[in-house]
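In what follows, a structure is listed as structure tokens, so that the remarks can point back to it.
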Amino acid sequence: MRDRVPVVVQGSGRRVRRAGLAGVLWAAAELIVTVGVVVLLLVVHQVWWTNRQAAAAAQEQVQALERAWGEVSLPASDSPSPSPSPSPSPSPSPSPSASEPGAGDVPVPGPGGAGGAGAAAAATRAARPAAGPSERDRAYAVLRVPRLGLVVPVAQGVDKRAVLDKGYAGQYPGTAGPGAQGNFALAGHRNTHGEPFRYINRLRAGDELIVDVRGHRYTYVVGKILGETTERDTGVIAPVPRSVVKPDQGYSEPGAYITLTTCTPEYTSKYRLVVWGTLLKSS
């Protein structure tokens, strides 16, 4: 009888190794897809849902202020036009993959100088909430920008969580009140959290910026725009606003000014965009 020679089938070992490798690759692919979906949901929440929540809450605050002031409606000529349809945003140019790094970091830190007195300052003080810690973030004024169809509440301070992330415009500490001599300086998000200042780059010289405080209206007119400066350029919110980074930009004479600041380019917090205006009339 012939001895049987064992036969080694080499192909089966290769098939097992290939199957193992395919399993690892499949698991890795599933993990990548899962992570991608989670990141996408986070981006949608940050860019879309927080916008809706903050914008809706801000408009409720405007309505609450107007009710408290006994205002039924604005004159037809002052009624804001519908907000412009958001033009397709460039691919998250970076303010955090769409969750803006620091989403709305405080543009231009530091206080400007206090300014103004008289009737305008008195009216502002009367409208502002008490200085208690729970009252500091309450809105006391309404900013209206007819060209943009923007209506946004204004609160004291530029703290992100307490003010800016609510979709409010925040007044820099130490700056003048609405209508007063000096610089009424405001910060606001350009992307996420209601993004009230998203389109201020569309403002042009001559556009009106209207500030309502209980029983008073202050109308400013846009005079100058600084398209880009550093976040440390505190001169733009000084009593007489003038850039310390670009000294040829700004004003040189005392007056009643308004300043709007926000991050630029969109979806980043690298630089600051600044819009300046001067008081045209008060009523």
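The values are calculated or read from the model by the stated rules, or taken from the named source; none is laboratory data. Given the structure is predicted, the values throughout are model-derived calculations rather than measurements. All Cβ positions, even for glycine, are placed from backbone atoms using ideal geometry, and neighbour counts span all protein chains on display.
Go through the residues of region 137-153 one by one and say whether even a single one is at pLDDT below 95, in a loop (DSSP other than H, G, I, E, B) and within 22 Å of the chain's Cα centre (by Cα). Among the residues of region 137-153, at least one is at pLDDT below 95, in a loop (DSSP other than H, G, I, E, B) and within 22 Å of the chain's Cα centre (by Cα), which makes the answer yes.
For every residue, the table says whether it meets (1) touching a Lys or Arg at 6+ places or on another chain (Cβ under 6 Å); (2) farther than 21 Å from L164 by Cβ; (3) crowded, with 17+ Cβ neighbours inside 10 Å.
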position	(1), (2), (3)
N191	no, no, yes
R198	yes, no, yes
N201	no, no, no
D207	yes, yes, yes
Y218	no, yes, yes
L226	no, no, yes
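Residues that are closer than 30 Å to A68 by Cα and charged (D, E, K, R) are absent from region 239-257. Pairs under 7 Å by beta carbon, first residue more than 20 Å from R138 (Cα to Cα) and part of a helix (DSSP H, G or I) in region 40-62, partner modelled with pLDDT of 75 or more and hydroxyl-bearing (S, T, Y), six or more apart or different chains? Correct list of pairs: Q46/T192; V47/T192. Among the residues of region 233-266, those that are among the charged types (D, E, K, R) and either buried (at least 24 other Cβ atoms within 10 Å of the Cβ) or modelled with pLDDT of 95 or more (or both) comprise D233, R242, K246, D248, E253.
Could you please let me know if R190 is assigned to a loop (DSSP other than H, G, I, E, B), touching a Cys at 6+ places or on another chain (Cβ under 6 Å) and on the phi < 0 side of the Ramachandran plot? Even if it seems obvious, please write down each step before you answer.
Values: assigned to a loop (DSSP other than H, G, I, E, B): yes; touching a Cys at 6+ places or on another chain (Cβ under 6 Å): yes; on the phi < 0 side of the Ramachandran plot: yes.
Taking the combined requirement at face value, the residue satisfies it.
Residues that are surrounded by fewer than 18 Cβ atoms within 10 Å (Cβ to Cβ) and of a type outside the set (D, E, K, R): does region 168-179 have at least one? Yes, that holds for at least one residue.
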